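Notes to accompany the following structure.
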Amino acid sequence: MRNHKSSVLFIAVVIAMSVPIIAEDKPAAPDSASPVATTPVATPQTNLAAPSTFDQVVDRVVGRQRAFNEQMRAVQPLVETSSQTLSPDDELSPVPSSDNYFLGRLNLKNGVEDRSFLEAPKGQGFLSRFAKPFPRFIPRGFAQMAILDSTFDRSKYDFTFVRREFLGEIRCLAIDVQPKKDTGNGRFIGRIWVEDQEYNIVRFNGTYGPIRRPAHYFHFDSWRLNMRPGVWLPAYIYSEESHIDMGLVHDLTFKAQSRLWGYNLGNTARNEEFTQIVIDTPQTVRDQSEGAQDATPVESQRMWERQAEDNAIERMEKVGLLASQGEVDKVLQTVANNLIVTNNLTIEPEVRTRVLLTLPLESFTIGHTIVLSRGLLDVLPDEASLAMVIGHELSHITLGHRLDTTLAFNDKMFFNDENTMSHLDFSHDPTEEAAADARAMELLANSPYKDKLQSSALFLKALQARAPDLKNLIRSHLGNNLADGKDTVRMAALLQSAPQLEMRKTDQIAALPLGARVKLDPWTSRIELVKTKPVALTSAREKMPFEVTPFFPYLTRINSPGTEKVALAPAK
């Protein structure tokens, strides 16, 4: 899917979601005379008088949306979409029966470009997923859910004030929006929420229309976060539909979750380090030649392996695939240290832990760095299950399963961002995987988690049960799969101690929904653990293991100095 022309990107996204977005006409293109923004953090005008009428509010909203469209041309965030097709179940209806996944970079500077990070499975192009003819897709269908409409103004839409309400701590004006007659297909129909200080759209919920058969648009709920003073950018999109008549054997029911992040990748802290270089005074400089010596062969080998490891990690950070170091790494490091200390292990150089920002469930090692994906951290039910995953990767390190050290040559990192998945491979052969499983069982038996592994075994059972239906969620892109269908699962020896998997019991939690553990900052690419109180389940349907769910972020505002005042509510 790489290197196609620009109009293909969101066709590929939609097909990957198994949800066609089709229409006879595309939404109108943005005004070619509009200036292209050179920075995504343009400071809004804060000295304007507060609107006193609803018409003035609409004018302000339209102006801010125009500025937003310009800002989006200046950024290229990563965009990730995971969709799950649903099938009925007598007690848990509906449940996922298949899934698809897309990861790429959104680029609206010169129209939508195809920047997919993923390759179609070997011998299977993305079009071959449909055994029967399918309709024509809107090229910018999925992108539209992040930008609303490139020509959002009074000439195209009617606006109706609904009420004032809070989204998190942000007081908003809820406004219903409908396209005027004969303004073309693919226009937004629904509700927008506008924060009442600078009148940025922070949420919009609805669909596109009008529909001209056999066209299909699906409903979505799109959220923007305040990432810099006055700047609200897309972060979350949720979509779902029930019983779409596709003219096939059965109707289509699905739900999908999209995230955008990596808005500030080009301005990392590494750039700031150069301006903070401190030059030692001549009096403090000492000749260290007497005590200095060349590294021994063993030390040299370790240093060479570490250089390969650091090169790979640094490249993945720059792409936006690896989270900045933070509190979640400390949690993972604590679990790894518990295993190391209780097993009297001495490992040089030291073991490190990092988080991959993508959704598919995977873990792997880069040299002595253990990496777990955000999606895997989301669904693990407890610390013992986390120890099981880390124990397997730690075993690769203790067994001396090495990284490809040609990565120590810096030119090996000279590849396009979208080629990262094909250039980096941290998988092991089946023999090494089996050896790591056996060694991990020994490490866990000597650890503080030895009496708590039933939950880990139950997680593996749930993973094994869902693996045939959620192939893309459980497919690893950089390491080895956690499961391959119902026949093979990592750490299979633990299954012998697993209790019976009872999906209909509310007090048995084998796995959590996606998004349950980790919160991602779309601007900095930092992550933190979700700090919420446990919610008592009222039915087994609310367990939703491995499932995507809607977004309801608690919105907050980053204020510029002197902009703390709240605008007056306009007259209706």
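The values are calculated or read from the model by the stated rules, or taken from the named source; none is laboratory data. Please read all numbers here as calculations on a predicted model, not as lab measurements. With ideal geometry, Cβ positions are generated from the backbone for all residues, glycine too; neighbour counts draw on all protein chains shown. Calculation scope for accessible area: heavy atoms of the full protein, side chains included, ligands and nucleic acids excluded. Shrake-Rupley method; radii C 1.70, N 1.55, O 1.52, S 1.80 Å.
Of note:
- Estimated FRET transfer efficiency when R0 is 41 angstrom, pair LYS531-THR406 (beta carbons, to 0.05): 0.45
- Shown in residue order for the stretch 397-414 are the 3J(HN,Hα) couplings computed by the Karplus curve 6.51 cos²θ - 1.76 cosθ + 1.60 at θ = phi - 60°: 5, 5, 7, x, 6, 8, 7, 5, 6, 5, 5, 5, 7, 4, 5, 5, 8, 8 Hz (x for Gly and Pro).
- Anisotropy class of the stretch 379-459 from Cα gyration tensor, a/c 1.5 cut: prolate
- For ASN185, the amide hydrogen comes within under 5 Å of the amide hydrogens of ASP25, counting only partners 5 or more places away or on other chains and with H modelled in the peptide plane.
- Each residue of the stretch 326-332 was assigned a 3J(HN,Hα) from its phi angle through the Karplus expression (A = 6.51, B = -1.76, C = 1.60, θ = phi - 60°), giving x, 5, 5, 4, 5, 5, 4 Hz with x at Gly and Pro.
- Global geometry of the stretch 429-476, whether rounded, prolate or oblate, following the gyration tensor of its Cα atoms and the 1.5 cut on a/c: oblate
- Placed amide H near CYS172: partners under 5 Å, 5+ positions off or other chain: GLU165, PHE166, LEU167
- Anisotropy class of the stretch 395-545 from Cα gyration tensor, a/c 1.5 cut: oblate
- When you filter the GluC sites (Glu not before Pro) in the stretch 46-111 for DSSP loop state and at most 16 other Cβ atoms inside 10 Å of their Cβ, you are left with GLU91.
- Mean-position separation - Cα centroids, the stretch 79-96 and the stretch 183-206, in angstrom: 28
- Pair THR296, ASP245: separation of 7 Å Cα→Cβ label points (nm): 7.8
- By accessible area, using a 1.4 Å probe on protein heavy atoms only, the stretch 413-476 has 47% of its surface on carbon and sulfur.
- Solvent-accessible surface (1.4 angstrom probe) belonging to ARG475, in square angstrom, nearest 10: 80
- Protection proxy ranking, peptides 443-449, 99-105, 535-541, 200-206, average beta carbon neighbours within 10 Å, highest first: 99-105, 200-206, 443-449, 535-541
- Label sites at ASP182 and ASP507, each approximated as a point 7 angstrom past Cα along Cα to Cβ, lie 6.7 nm apart.
- All other residues whose Cβ lies under 15 angstrom from that of GLY375 are scored, Lys and Arg at +1 and Asp and Glu at -1, for a net of +3.
- For ILE370, residues with placed amide H under 5 Å, excluding near neighbours: ARG352, THR353, ARG354
- Nearest-10 value in Å² for the accessible area of THR398, using the 1.4 Å probe: 50
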